Each structure stands twice: as C-alpha cells, then as structure tokens.
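Enquirer: One structure is given below, represented as structure tokens, and several questions about it will come after.
The values are calculated or read from the model by the stated rules, or taken from the named source; none is laboratory data. Note that this is a predicted model, so its numbers are computed, not measured. Cβ: placed from backbone, ideal geometry, glycine included. Neighbour counts: every protein chain shown.
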Amino acid sequence: MKTEARVFLGVTAFFVVIGVIYWFASYEEAGAVMLAASAIMGLVAGGSIWFLSRHAPARTEDRDDATIAEGAGPVDVFPLHSVWPFAVGLSAALFATGFALGFWLVLIGRRALAISLIGYVREVRNETLPSERTNR
C-alpha cells in the first residue's frame, strides 16, 4: 500500500504547486479553491492509505525482492452482473442534487442511498472466490 500512498501524496503535491502558481497568476478565487480541494482530497486518500500501511504487513507488491509467482492467484471477488452499483450511483446523485434543488430530495436520496448500499453490501458478502465454489 505504500506505492498507492506515494501516488496520492504525489497528486497532493502536484495540486499544491499548481494551485499556488494559479493563485499568483490569476488571483481568481474559484479555481484556487477547487485546486485546494483537489489537494485536500489527495491528502486525505494518501494520508489514510499511508497510515493504514504502517500497521499492516508488507504486501507482495510492496516488496522489492518479490516474484511474480508470489502474487499469483485470485485477488478478490467482484460482483459481475449486478444492478446495485448503478443504484448506488443514481441514489448518490439524487442525494447530492437535493442540496441544490430542495431538502425533500435530500431525504428521498438519503433513504434510496441507504437501501442501495445495504443491497450492494449484502450481495458482495454472498459472493465467493472461484476456488471456493462447489459444482452443483
């Protein structure tokens, strides 16, 4: 996870440098705020990954002496044919749009987002690795 943390912290450094240059070149607040927000998002992601990687054992990808064979095998389970990711995205968009159009839409979007997240998590928990499946 150290590689991922470096990537996100590099993104943070990039947006900080570009934001400072942009501010002194244009003195325009909206663009500078958006670049600062982008830097903060990179810092949150990179900082949390870096913090988690300090307490986790080294993965195969993080070791310099690792071989390709050590990283072979199933990585994780992802639901292939599911409507839940679409439902999560649609309800999150409805929730966010509610802040601009009216609080009633926020309430509907919040409920739809909760239902779709619960459905997605329940479906992912039922998935198994291909090696764990039994032929019926």
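Enquirer: In the stretch 1-36, what residues are surrounded by fewer than 12 Cβ atoms within 10 Å (Cβ to Cβ) and among the hydrophobic types (A, V, I, L, M, F, W, C)?
Expert: Result: 21, 24, 25, 30.
Enquirer: Within the bounds of the stretch 17-26, is there any residue that is of a type outside the set (Asp, Glu) and under 19 Å from the mean Cα position of the chain (by Cα)?
Expert: no
Enquirer: For the stretch 1-59, what are the residues that are free of Cβ contacts under 8 Å to residues at least 12 places away in the same chain and of a type in the set (D, E, K, R)?
Expert: Matches in the stretch 1-59: 28, 29, 54.
Enquirer: Got a sec? Which of 58, 37, 30, 112 is assigned by TED's automatic domain parsing to the domain that holds residue 15, assigned to a helix (DSSP H, G or I) and more than 20 Å from the chain's Cα centre (by Cα)?
Expert: Just one listed residue meets the conditions, 30.
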